[in-house]
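Step one of this worksheet: look at the structure below.
The values are calculated or read from the model by the stated rules, or taken from the named source; none is laboratory data. Predicted model only: the values in this text are computed from it and were never measured. Positions of Cβ are generated from backbone atoms using ideal geometry, with glycine treated the same way; all protein chains shown enter the neighbour counts.
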Amino acid sequence: MKGKDLQTRDDIALLVNTFYDKVRAHEALGPIFNAAIDDWDSHLIRLTDFWETNLFFVRNYKGNPLQVHINVDRQFNNTIHQAHFGNWLQLWFETLDSLFTGRYAEIAKARARSMAATMFLRIFNAREHQQHENTH
């Protein structure tokens with residue numbers, strides 16, 4: 001498979017499923033993801049929709065991933081840190097590099113890097129906002 005670029009929904013499904021197998025087994029990420037997600041089968045389909053939308057502009061995904069991640073951080077008492085996003089990115093890059101190469105694989109890396117930074121900042125800002133509300 002390596003050497004082929006991401007081209008189809010099946011390619012994205014392979015990427016997402018392989019990646020989240022690694023996430024679920026990861027010592028820092030696994031406990032968070034496994035506790036936050038009840039139905040992995042439907043979640044993997046949703047994540048495939050998300051990445052298909054982000055890479056190929058196929059409008060399958062509907063949702064607010066930023067709010068979902070803010071809620072998960074609150075569920076875990078604001079214990080999600082930048083290192084978690086670093087672990088997530090490392091696994092994403094490793095998975096992409098093991099399966100694919102090419103333009104869309106590089107776009108998937110760039111978009112993941114941007115999303116990780118944005119999500120971490122939004123989580124941090126939501127904590128600040130929540131603390132401000134709790135003091136007033």
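Can we say Leu29 is within 19 Å of Gln82 (Cα to Cα) and at pLDDT 95 or above? Yes.
Within the range 1-26, restricting attention to residues that are without any contact (Cβ under 8 Å) to a residue 40 or more places away in the chain and either touching an Asp or Glu at 6+ places or on another chain (Cβ under 7 Å) or part of a helix (DSSP H, G or I) (or both), the residue that is farthest from Ile80 (Cα to Cα) is Asp10.
Being loosely packed, with under 14 Cβ neighbours inside 10 Å, free of Cβ contacts under 8 Å to residues at least 40 places away in the same chain, of a type in the set (Lys, Arg) and farther than 18 Å from Met119 by Cα, is that true of even one residue in the range 55-66? Break it down into steps so the answer makes sense when it comes.
Keep residues of the range 55-66 that are loosely packed, with under 14 Cβ neighbours inside 10 Å, which gives 57-59, 62-64.
From what is left, the residues that are free of Cβ contacts under 8 Å to residues at least 40 places away in the same chain are 57, 59, 62-64.
Then keep just the ones that are of a type in the set (Lys, Arg); that gives 59, 62.
Retained after the next criterion (residues that are farther than 18 Å from Met119 by Cα): 59.
Yes; the residues of the range 55-66 include at least one that is loosely packed, with under 14 Cβ neighbours inside 10 Å, free of Cβ contacts under 8 Å to residues at least 40 places away in the same chain, of a type in the set (Lys, Arg) and farther than 18 Å from Met119 by Cα.
Scanning the range 1-46 for residues that are surrounded by 14 or more Cβ atoms within 10 Å (Cβ to Cβ) and among the hydroxyl-bearing types (Ser, Thr, Tyr) yields Thr18, Tyr20.
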